[in-house]
Amino acid sequence: MTKSEVRSVSLTKLKLDENSVCYDIGAGTGSVSVEMALRASQGQVYAIEKKEDALNLLKANKEKFALDHMQIIAGTAPKAMEDLPAPTHAFIGGSSGNMKEILELLLSKNPKIRVVINCIALESVGEAMNCLKELPLEQVDIAQVQVAKGKKAGSYHLMMGQNPVYVISCQGKEETDE
């Protein structure tokens with residue numbers, strides 16, 4: 001699950017509005033999907049996830065928050081996204097090594113799409129950076145977010161560090177023939 005502090009930064013970078021059409025790719029438990037749906041209250045959210053146990057949590061969260069405009073899509077991206085309507089925004093929380101193919105499909109559906117990618121593994125950061133060089137993307141912003149949460153230990157409070165997360169945001173750049 002994307003921790004609340006990282007989720008807050010990621011969603012701010014995504015710049016959603018109430019009519020956004022959003023993909024949450026690698027949706028996991030749906031923490032980002034739910035937040036997207038709350039912000040895009042007049043839009044549509046597609047939560048794409050391949051793991052069966054996560055799909056059950058997604059369904060429970062959809063019901064808990066009464067999110068009729070959130071659709072759960074079982075499958076692996078980019079294949080699971082092919083027949084979906086064009087998104088205005090996409091959050092990539094997991095790519096299963098298909099980052100370039102996912103971004104290519106997103107850009108083919110909407111050349112001006114807004115994308116936020118969260119990476120924990122350095123290999124994922126490298127994969128994302130290669131895509132930023134090769135694909136028509138602009139307004140690239142990279143932030144590393146590391147959160148420490150207080151934990152009570154007797155009469156003291158200790159700060160327990162969580163994994164750092166790279167939050168990469170960008171915008172599709174329509175190529176012009178000049």
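The values are calculated or read from the model by the stated rules, or taken from the named source; none is laboratory data. Predicted model, so just to flag it, every value in this text is computed and none were measured. Heads up, the Cβs are rebuilt from the backbone with ideal geometry, glycines too, and the neighbour counts pull from every protein chain shown. The protein model used for the area step is the full one, side chains on, heavy atoms only, and it has no ligands, DNA or RNA in it. Shrake-Rupley method; radii C 1.70, N 1.55, O 1.52, S 1.80 Å.
Whether a residue is open to solvent by 20 Å² or more (accessible area, probe 1.4 Å), of a type in the set (A, V, I, L, M, F, W, C) and touching a residue at least 40 places away in the same chain (Cβ under 8 Å) was assessed, and Ala86 passes this test.
The rows are residues; the columns are (1) out of contact with any strand residue (DSSP E or B) (no Cβ under 9 Å at 6 or more places or on another chain); (2) open to solvent by less than 20 Å² (accessible area, probe 1.4 Å).
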residue: Met36; (1), (2): no, yes
residue: Asp53; (1), (2): yes, no
residue: Asp68; (1), (2): yes, no
residue: Met81; (1), (2): no, yes
residue: Ile102; (1), (2): no, yes
residue: Met129; (1), (2): no, no
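Scanning the range 1-13 for residues that are aliphatic (A, V, I, L, M), open to solvent by 40 Å² or more (accessible area, probe 1.4 Å) and in contact (Cβ under 8 Å) with a residue 40 or more places away in the chain yields a count of 1. State yes or no: is Gln171 open to solvent by 100 Å² or more (accessible area, probe 1.4 Å) and outside any helix (DSSP H, G or I)? No; evaluated as a whole, the condition is false for this residue.
For the range 104-114, enumerate the residues that are of a type in the set (A, V, I, L, M, F, W, C) and open to solvent by 30 Å² or more (accessible area, probe 1.4 Å). Steps first, please.
Start the filter on the range 104-114 by keeping residues that are of a type in the set (A, V, I, L, M, F, W, C), which leaves 105-107, 113.
Result: Leu105, single match.
Filtered by the rule that a residue be closer than 16 Å to Leu106 by Cβ and crowded, with 20+ Cβ neighbours inside 10 Å, the range 14-31 gives Leu14, Leu16, Ser20, Val21, Cys22, Tyr23, Asp24, Ile25, Gly26, Ala27.
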